[in-house]
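Let me begin by handing over the structure; questions about it come next.
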Protein chains: 2
Amino acid sequence: MTDTYSQFVNSPLGKQVASRLGIPRPVRLRRYTPGGALLEGSVLLGGYGDAPLAKRVRAVLDAEGIATATEPPTDGRVAAVVADLSAMTGPADLEALRALVGPALKRLAPSGRVLVLGASPEQAGADPVLAAARRALEGVVRSIGKELRAGATANLVLVEDGGEEEIESTVRFFLSGRSAYVDGQVVTVGPAGAGRRTPQSWVAPLAGKVAVVTGAARGIGASIADTLTRDGATVVCLDVPAAGDALAVVANRNGGSALQLDVTSPDAGARIVEHARTRHGSLDVVVHNAGITRDKLLANTDAARWQQVLDVNLLSVLRMNEAILAPGALSDGGHVVVLSSMSGIAGNRGQSNYAASKAGLIGAVHALGRDEDLRARGITVNAVAPGFIETEMTGRIPLATREMGRRINSLAQGGLPVDVAETIAWFAQDASAGVTGQVVRVCGQSMLGA
Amino acid sequence: MTDTYSQFVNSPLGKQVASRLGIPRPVRLRRYTPGGALLEGSVLLGGYGDAPLAKRVRAVLDAEGIATATEPPTDGRVAAVVADLSAMTGPADLEALRALVGPALKRLAPSGRVLVLGASPEQAGADPVLAAARRALEGVVRSIGKELRAGATANLVLVEDGGEEEIESTVRFFLSGRSAYVDGQVVTVGPAGAGRRTPQSWVAPLAGKVAVVTGAARGIGASIADTLTRDGATVVCLDVPAAGDALAVVANRNGGSALQLDVTSPDAGARIVEHARTRHGSLDVVVHNAGITRDKLLANTDAARWQQVLDVNLLSVLRMNEAILAPGALSDGGHVVVLSSMSGIAGNRGQSNYAASKAGLIGAVHALGRDEDLRARGITVNAVAPGFIETEMTGRIPLATREMGRRINSLAQGGLPVDVAETIAWFAQDASAGVTGQVVRVCGQSMLGA
């Protein structure tokens with residue numbers, strides 16, 4: 001899907017309509033193109049104390065030929081500000097963040113990036129001073145996200161002990177156009193269970209991998225298939241038999257295979273493993289994207305409506321994962337990604353069943369993220385929670401509601417399916433081995449939440 | 001403060017204005033009055049399996065003379081529905097929640113209560129099925145909160161192993177009018193470090209206790225002083241010398257003492273301890289309510305503006321806590337409560353400094369909540385995060401913005417200072433010994449969040 005909304009609103013007619021309605025025009029977000037620069041411009045780099053993580057970021061930028069500076073420019077723009085606060089010992093040290101980032105905000109280029117790196121407040125133990133300083137970063141970063149304009153974003157990466165070596169894929173994700181619609185988020189990077197595996201090429205980080213995408217016939221699922229293929233994977237496109245024709249189109253354009261299968265069938269997991277391994281030699285990535293809604297107030301939701309949504313969205317995923325995560329099925333070092341939802345985080349009127357299923361997936365991801373056995377095998381399990389994404393489905397929402405939905409976020413626009421897909425592609429990289437048990441919203445920092 | 005907004009909107013003139021503007025009139029919320037009934041009407045009680053926590057709730061209701069039923073009434077209203085899902089083993093068991101609560105929603109009285117009890121997903125370890133079922137409750141409860149009308153609320157209490165004995169004060173809080181503006185929240189109750197202490201009277205649960213409230217001269221702080229006094233405590237009202245006259249009024253009307261003190265002075269903690277113990281014989285409860293704002297975009301925030309807010313709102317609290325939590329200062333079994341904010345959770349444009357301080361407090365509360373030493377001493381540390389509360393301060397916000405702020409929550413109105421105070425009074429009870437490290441929003445289930 002092209003960015004039709006942004007194209008329309010920036011067209012002569014669209015400009016007229018938007019200005020009559022008094023809506024600010026959203027900017028065109030910088031998105032990723034293979035072979036394009038990680039960032040267009042220089043990066044301001046600093047932090048507190050000896051800022052050990054900033055040094056690692058500098059090495060990444062050096063390798064990409066991107067200039068770095070430790071002082072804000074007196075004129076011109078910076079493409080990004082990276083602030084490493086991981087060495088803070090207390091809240092007084094937060095001044096280093098203000099001093100570095102504050103003055104630079106006026107110099108930040110359109111679709112610029114503020115990336116803050118910190119240590120994990122959870123790992124501050126019972127020390128309230130250390131925990132306060134580390135947790136404070138979240139308040140600052142979320143406030144910066146709401147202050148930024150012109151497609152710029154602010155995100156926070158918390159690095160656990162032993163995770164220092166594992167940050168490169170995550171830093172690249174947040175600086176690049178891949179994270180266009182990811183804003184105001186907090187991601188934790190920890191040690192990699194089975195060792196980090198830097199890709200031979202950052203343009204094809206999934207080269208040689210076999211990925212399965214459920215619900216791949218259309219919408220976000222089709223975009224995930226396209227994006228994983230673009231990044232080098234061989235993709236098994238899975239959907240129900242009824243979607244067979246659309247599925248074949250997606251599978252064919254990606255040179256992948258189609259697998260017609262109902263995810264709720266008891267042997268769905270076994271069949272996925274069998275198809276991938278027999279047909280393509282391995283199973284490395286599984287994206288549980290298939291899902292349904294059966295919206296109604298809970299007061300009017302009967303057992304069937306409740307059951308159906310839980311079965312398709314949650315129980316089937318748990319059942320498939322049993323087969324997929326069994327030894328000898330998903331490769332060691334493999335990746336599972338589930339599609340949660342903002343409903344699963346904040347709840348939603350008339351979506352009790354859907355919210356139950358999507359919150360349940362978050363519970364499952366947290367549990368699998370702390371599974372020592374999976375960690376030892378280097379298997380990661382993560383979730384994306386999309387906000388307002390421009391799809392056929394959201395296209396059917398009445399105009400005023402739709403316009404509200406797409407505007408109440410810091411980027412003042414809806415996201416595209418590819419924005420969800422890019423986030424999944426980052427989770428799916430072997431270089432993201434330190435990222436597990438995470439839930440990342442792809443919502444342009446929606447104002448809505450819990 | 002009386003509920004002037006609700007009075008106005010429900011007056012003949014207010015009705016006219018509200019209907020011209022197309023705003024639905026918010027209902028008058030049921031609030032607590034000492035000696036009043038816990039609930040007016042009967043309670044529907046059930047859950048999954050043998051619902052062990054529901055039995056405990058029934059004992060509480062029996063003692064209060066409140067009728068319980070296990071089937072929804074065919075006519076008439078229920079005052080509350082209590083659903084115990086703690087015995088679930090997987091997401092299929094969630095059907096018991098739908099079957100009990102769904103049909104009852106149409107029978108729920110104005111200002112009714114949906115209270116769901118579950119087990120902790122964190123304690124599901126690496127079991128994704130169990131974790132999914134437990135976490136799903138959060139999605140359902142938040143959705144129910146958004147579905148309810150007429151001042152009814154939905155909340156979720158997660159009970160950790162060993163916390164089963166500790167739920168009474170929390171169940172009473174959520175069923176009563178004390179929790180009028182607490183909606184869509186998730187609270188965890190764990191084992192009590194130094195043993196539960198049931199109060200002699202639930203009407204004066206703080207009898208014999210000495211509480212210190214900072215920033216007590218006005219607004220929310222004054223309401224906290226009033227409310228803790230009403231619940232039986234002797235209150236030390238603390239504020240800066242410049243607020244001396246207003247402070248004296250609050251201290252006098254509550255029969256407490258006034259302590260003029262700048263919370264940022266290095267010896268503030270020691271002076272609080274000394275004043276309380278010398279003047280009143282002990283120190284049992286401390287409420288860190290004092291706080292300031294110095295709003296500006298981060299791009300324009302200088303070091304002084306940054307420092308001031310962090311110093312008053314965060315660093316002073318950390319410093320005072322060192323003295324207060326030292327052995328022999330705060331009584332064993334004592335309680336510390338801090339005022340966080342929705343800014344600290346979601347960030348806020350133009351409030352980077354304030355959000356840093358309020359997020360930092362959350363970090364400190366989490367750290368102190370897992371402090372084994374404090375747990376052994378039975379000391380709890382919790383935070384409230386107010387949403388839109390009707391105060392002098394919010395009264396100065398321009399009408400349209402103010403109206404928006406107070407309406408974008410499930411109860412469609414702003415809260416009152418007493419709503420924040422009631423939540424603090426619940427934390428401050430010795431019967432709440434199992435509640436620590438918690439952050440509870442008092443926001444009417446604001447749509448805003450992270």
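The values are calculated or read from the model by the stated rules, or taken from the named source; none is laboratory data. Computed from a prediction, not measured in an experiment: that's the story for all the values here. Note that each Cβ is placed from the backbone with ideal geometry, even for glycine, and that neighbours are counted across all protein chains shown. With ligands, DNA and RNA removed, areas are computed over all heavy atoms of the protein, side chains included. Shrake-Rupley method; radii C 1.70, N 1.55, O 1.52, S 1.80 Å.
Determine one quarter of the surface area of the Cα convex hull of segment B:210-442, which equals its mean projected area, and express it in nm² to one decimal.
Taking a quarter of the hull surface, the average projection is 12.4 nm².
Near the axis that takes chain A to chain B, which A residue has its beta carbon closest, and at how many Å?
Nearest Cβ to the rotation axis, residue and whole-Å distance: A:449, 1.
Taking chain B as the reference, fit the longest principal axis to its C-alpha atoms, fit the long axis of helix B:417-427 to the helix C-alpha atoms, and give the angle between the two in degrees, 0 to 90, nearest 10.
Its long axis makes an angle of about 80 degrees.
Taking θ as phi - 60°, what are the ³J(HN,Hα) couplings along segment A:409-416 by the Karplus curve (6.51, -1.76, 1.60), each to the nearest whole Hz, with x for Gly and Pro?
With the stated coefficients, segment A:409-416 comes to 8, 5, 8, 6, 6, x, x, 10 Hz.
To one decimal place, what orientation-averaged projected area in nm² is obtained for the convex hull of the Cα set of chain A?
For chain A, averaging the hull's shadow over all directions gives 21.8 nm².
Something else now. At q = 0.15 Å⁻¹, what log₁₀ I(q)/I(0) does segment A:339-443 have when each alpha carbon counts as one equal point scatterer in the Debye sum?
-0.69
D for segment B:41-87, whole µm²/s, Stokes-Einstein with Kirkwood Rh over alpha-carbon pairs at 20 °C and 1.002 mPa s: what number?
Working: Rh = 10.8 Å.
D = 199 µm²/s.
Ignore the peptide's own chain and count Cβ atoms of other chains within 10 Å of each Cβ in A:203-213; give me the average, rounded.
0
Now for a separate question. Could you give the size of the charge dipole of segment B:210-442 about its Cα centre, using +1 on the Cβ of each K and R and -1 on the Cβ of each D and E, expressed in debye and rounded to the nearest 20?
Dipole of segment B:210-442, to the nearest 20 debye: 560 debye.
Separate question: Work out which residues of segment B:349-366 lose at minimum 30 square angstrom of accessible surface when the other protein chains are put back, relative to the chain isolated, with a 1.4 angstrom probe, and list them by number.
B:349, B:352, B:356, B:359, B:363
Still on this model: Could you tell me whether segment A:301-360 comes out rounded, prolate or oblate from its Cα gyration tensor? Rule is a ≥ b ≥ c as square roots of the eigenvalues, rounded for a/c under 1.5, then prolate if a/b exceeds b/c, otherwise oblate. Please list the in-between numbers first.
Numbers: a/c = 5.25, a/b = 1.95, b/c = 2.70.
Oblate shape, in that a/c is at least 1.5 and b/c is the bigger or equal ratio.
I've got another one for you. So, counting K/R as plus one and D/E as minus one, what does the shell of residues with Cβ under 10 Å around residue A:34 add up to?
Values: positive: A:230; negative: A:231.
Spelling it out: positives minus negatives among the neighbours equals 0.
Of the peptides A:376-387, A:43-54, B:426-437, how do they stack up when ordered by the mean number of other Cβ atoms within 10 Å, highest first? Spell out each step's value before the answer.
Values: A:376-387: 23.4, A:43-54: 20.5, B:426-437: 25.1.
Most protected by this proxy first, the peptides run B:426-437, A:376-387, A:43-54.
A follow-up question, please. Of B:357, B:254, B:275, which is farthest on the positive side of the dipole of segment B:210-442, counting Cα position, with +1 on Lys and Arg Cβ, -1 on Asp and Glu Cβ, and the Cα centre as origin?
Of the options given, the answer is B:357.
Order the peptides A:31-38, A:138-145 from the highest to the lowest mean number of other Cβ atoms within 10 Å of their residues.
Top of the packing list down: A:138-145, A:31-38.
Mind listing the phi-derived Karplus ³J(HN,Hα) values for segment A:149-162, rounded to whole Hz, using 6.51, -1.76 and 1.60 with θ = phi - 60°, and x for any glycine or proline?
Result, rounded to whole Hz: 10, 6, x, 7, 10, 10, 9, 10, 10, 9, 10, 7, 3, x.
Across peptide A:295-302, what mean number of C-beta atoms from other chains lies inside 10 Å of a residue's C-beta? Don't jump to the answer; show the numbers that get you there.
Numbers: counts 0, 1, 8, 14, 11, 5, 4, 4.
The shielding value for this peptide is 6.
Of the options A:133, A:393, B:325, report the single residue whose Cα projects farthest towards the positive end of the charge dipole of the protein assembly as shown (beta-carbon charges: Lys, Arg +1; Asp, Glu -1).
A:393
Enter the accessible area per residue of chain B (Å², integer; probe 1.4 Å; all protein chains in place).
About 34 Å² of surface per residue is accessible.
Output the residues of segment A:405-450 meeting this criterion: accessible area (heavy atoms, 1.4 Å probe) in the chain alone minus accessible area with all protein chains in place is 10 Å² or greater.
Buried-area filter returns A:441, A:447, A:448, A:449, A:450.
Place a +1 charge on the Cβ of each Lys and Arg in chain B and a -1 charge on the Cβ of each Asp and Glu, then give the dipole magnitude about the Cα centre in debye, rounded to the nearest 20.
Dipole about the Cα centre, nearest 20: 1500 debye.
If you place +1 on the Cβ of every Lys and Arg and -1 on the Cβ of every Asp and Glu, how big does the dipole about the Cα centre of the protein assembly as shown come out, in debye to the nearest 20?
About 2980 debye.
Can you pull the percent of chain A's accessible area that's carbon plus sulfur, 1.4 Å probe, other chains left in place?
Answer for chain A is 52 percent, counting heavy atoms of protein chains only.
With a 1.4 Å probe, what is the total accessible area buried between chains A and B, in Å² rounded to the nearest 100?
So the total buried area for this chain pair works out to about 5500 Å².
Among residues other than residue B:359 whose Cβ falls under 9 Å from its Cβ, what is the net charge (Lys/Arg +1, Asp/Glu -1)? Could you put the intermediate results ahead of the total?
Numbers: positive: A:135, A:142, B:358; negative: A:138.
That sum, taken over residues with Cβ under 9 Å, equals +2.
Please list, ordered by chain and number, the residues whose modelled amide H lies under 5 Å from the amide H of residue B:409; skip anything fewer than 5 residues away on the same chain.
Here B:447 satisfy the definition.
Continuing with the same structure: I'd like the orientation of helix B:352-369 relative to chain B: the angle between its Cα long axis and the longest Cα principal axis, in ° from 0 to 90, rounded to 10.
Compared with the principal axis, the helix lies near 70 degrees.
Something else about it: Which percent, nearest 5, of DSSP beta bridges in chain B are antiparallel?
0
When Lys and Arg each count +1 and Asp and Glu each count -1, what net charge do the other residues less than 13 Å away from residue B:79, Cβ to Cβ, add up to?
Overall, the nearby charge balance is +2.
Apply the Karplus curve 6.51 cos²θ - 1.76 cosθ + 1.60, θ = phi - 60°, to the phi angles in segment B:335-348 and return the couplings in whole Hz, x for Gly and Pro.
Those phi angles translate into 9, 10, 10, 10, 8, 8, 6, 4, 4, x, 8, 9, x, 7 Hz.
Using only helices, what value at 222 nm comes out for chain A when you add -39,500 (n - 2.57) per DSSP H run of length 4 or more and divide by the total residues, to the nearest 500 deg cm²/dmol?
-11000 deg cm²/dmol
Further question: Give me the residues in segment B:81-113 whose solvent-accessible area, probe 1.4 Å, is reduced by at least 20 Å² once all protein chains are included instead of the chain isolated.
B:91, B:92, B:94, B:95, B:98, B:102, B:106
Give me P(r) over segment B:215-292, computed from all C-alpha to C-alpha distances, binned every 5 Å, as integer percentages.
Bins of 5 Å from zero give 3, 17, 30, 29, 17, 4, 0 percent of pairs.
If you don't mind, another one. Report the antiparallel proportion of the DSSP beta bridges in the protein assembly as shown as a percent, rounded to a multiple of 5.
5
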